[in-house]
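Colleague: Please find one structure pasted underneath; my questions will follow.
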Amino acid sequence: MLNLKVFNYTIGEFQDKTLTPDQVKREWIIGRATTCDFVLATPEVSRVHGRIGYDEGQYYFSDLGSTDGSRVNHETAMVNQRYALKPDDIIRIGDFVLAVQGMERNLETTISNHKIIETNVASWTQEDLTVKCIRIIEETEDVKTFSFVAEPAISFAYQPGQFVTLNLNIEGKTVRRAYSISSTPTRPHLLEITVKRVPSPPNLPNVPPGLVSNWLHDRLKVGDQIQLSGGPMGKFTCAKDANPKLLLISAGSGVTPMISMSRWIYDTAGKQDVIFVYCGRRRKDIIMEQELQLMAARNPNFHLAISLTQPEPGETWLGYRGRLSEQMLSTMVSDFKERSVYVCGPDGFMKGVKTLLGNMGLPPENYHEESFGVGKKQAKVTSPSTPKTSTVSQPTASTQPTSSKPNVSTKPAIAFIESGKNVTCDDQESILEVAQQEGINIRSGCMQGVCGACKKRKRKGNIRYEGEPDGLDQQEQEEGFILPCIAYAVDEVEIEA
């Protein structure tokens, strides 16, 4: 490990830093940008100024082409030149001084000691968890990243791309909302969500703005505590994808699960070839643009393509312009048919991309989308054993499910086996709603049949769904699992709850 004393007499700032390398993390970025590992917040420091790296038992400092330069022991640092560090060395960046206090060069010893410490840290479970906000980062004029830790500390274990459900009390009412996790599980002591403010639509002023998103922006402060409902959820992740080529397509705040996946791939030195396509209106709306550019600059297997639909007048923009089209996508990704494709963004954007890729011939099994935030789907009746529909829109007609209910005369009733309660109900209340009225605790998240948080096994009886049970895969459906949030009893139903 490397111990540094960082101080700035001009602004009276002093801090101690300890850098602990492991098999994944072996370099730390220094700069003014909030995404840096060392944030030195003065104008003399470039947004990405320099880095400290560890290689074969030695620590190095490098200047990354900063505007005002760096000095190592009174010597001006050449750009991208590695300077070996030793105890009592001094690095000067603007008015900041980074003094090397001491170091341990043996990485294996460091990792072993780090693992001993880790064994004393609890892991994230499916139970509700109270976390504290320790940092709020303004990414753009209407997007903030909220950083949380648990006290006592836990290790946040999840799959990159998953989401978490916030359980909040807003004006005396309990409100739950799901947000993608934007941090990466390779940095397990911190959990982050990146949230966009949601105003009323310009053409629909009577539609209320985003309740939870705006509450987080306006009310949540550093030091405040909130509750997470259950552990990580969702199946939108590339963690188990064996395809050596990935295509990540996002728009707006849909970038958040993609950032998590990209950080994970970068931190684990993944060998996958990644093309990251980000669509936005204006350049100032691009979330974490600098971090994406930095990943692209430092990882030869990570390629970034940004398209703007409404560049600012007079703004110099040499990237792509306009909405995604067959020609643009073919230019960005000539081998897209060979890639696993992950899509996240506004509902209309995802529908358009899904249709576009289907028309261009992407194999359906290569398409994945995150949809827990989309509007509730049109009600439809489905058989309990009906598999999910094709994941990519193909240019052929599809058969729609029937809209009539099964002809069953038995009055709907639900037997909750584990709770020992038998409830007569009507067909207008979901199984989850009936359970909540009876005080039966079934963990839930999106309430739209997407996240899969509420899944329970059905032992007998018939149900109908309102919407597709996207939170279940075909095997789970065949094993008898249902999603109570969108499932309605048709006759006498027994479930394990």
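Colleague: Taking the range 260-291, which residues are among the polar types (S, T, N, Q) and not in a helix (DSSP H, G or I)?
Modeller: Matches in the range 260-291: Thr268, Gln272.
Colleague: Okay, moving on. For residues in the range 195-210 being under 20 Å from the mean Cα position of the chain (by Cα) and open to solvent by 10 Å² or more (accessible area, probe 1.4 Å), which is modelled with the highest pLDDT?
Modeller: Lys196
Colleague: May I pose another question? Could you please let me know if Ser340 is among the polar types (S, T, N, Q), farther than 30 Å from Arg51 by Cβ and within 19 Å of the chain's Cα centre (by Cα)? Don't jump to the end; show me each part of the working.
Modeller: Values: among the polar types (S, T, N, Q): yes; farther than 30 Å from Arg51 by Cβ: yes; within 19 Å of the chain's Cα centre (by Cα): yes.
In short, yes.
Colleague: Here's a follow-up. Whether any residue in the range 334-343 is in a helix (DSSP H, G or I), crowded, with 18+ Cβ neighbours inside 10 Å and not polar (S, T, N, Q) is what I want to check.
Modeller: Yes, the range 334-343 contains a residue that is in a helix (DSSP H, G or I), crowded, with 18+ Cβ neighbours inside 10 Å and not polar (S, T, N, Q).
Colleague: Run Arg339 past the list (1) at pLDDT below 95; (2) of a type in the set (Lys, Arg); (3) farther than 30 Å from Ser430 by Cα and report the number of the one that doesn't hold.
Modeller: Every listed condition holds for Arg339 apart from (1).
Colleague: Of the conditions (1) touching a His at 6+ places or on another chain (Cβ under 7 Å); (2) surrounded by fewer than 20 Cβ atoms within 10 Å (Cβ to Cβ), Phe7 satisfies every one except a single condition; which number is it?
Modeller: Every listed condition holds for Phe7 apart from (1).
Colleague: With Glu492, Glu438, Glu479 as the choices, which residue is in contact (Cβ under 8 Å) with a residue 24 or more places away in the chain, over 20 Å from Asp128 (Cα atoms) and either open to solvent by 50 Å² or more (accessible area, probe 1.4 Å) or within 23 Å of the chain's Cα centre (by Cα) (or both)?
Modeller: Glu492
Colleague: Is it the case that some residue within the range 96-108 is open to solvent by less than 20 Å² (accessible area, probe 1.4 Å), out of contact with any helix residue (DSSP H, G or I) (no Cβ under 8 Å at 6 or more places or on another chain) and assigned to a loop (DSSP other than H, G, I, E, B)?
Modeller: There is no residue in the range 96-108 that is open to solvent by less than 20 Å² (accessible area, probe 1.4 Å), out of contact with any helix residue (DSSP H, G or I) (no Cβ under 8 Å at 6 or more places or on another chain) and assigned to a loop (DSSP other than H, G, I, E, B).
Colleague: Among residues belonging to the range 32-55 that are assigned to a strand (DSSP E or B) and within 24 Å of the chain's Cα centre (by Cα), point out the one that is surrounded by the fewest Cβ atoms within 10 Å (Cβ to Cβ).
Modeller: Out of the qualifying residues, it is Val39.
Colleague: Considering only the range 303-333, state which residues are among the β-branched types (Val, Ile, Thr), open to solvent by less than 80 Å² (accessible area, probe 1.4 Å) and more than 24 Å from Phe236 (Cβ to Cβ).
Modeller: Residue satisfying the conditions is Thr309 alone.
Colleague: Would you tally the residues in the range 56-87 being open to solvent by 80 Å² or more (accessible area, probe 1.4 Å) and of a type in the set (A, V, I, L, M, F, W, C)?
Modeller: Here the count works out to 2.
Colleague: On to the next question. With respect to Leu294, is the statement that it is modelled with pLDDT of 95 or more, part of a helix (DSSP H, G or I) and of a type outside the set (S, T, N, Q) true?
Modeller: no
The values are calculated or read from the model by the stated rules, or taken from the named source; none is laboratory data. Not measured: the values here are computed from a predicted model. Virtual Cβ from ideal backbone geometry, glycine too; neighbours counted across all protein chains shown. Just the protein is used for accessible areas: all its heavy atoms, side chains included, with ligands, DNA and RNA removed. Shrake-Rupley method; radii C 1.70, N 1.55, O 1.52, S 1.80 Å.
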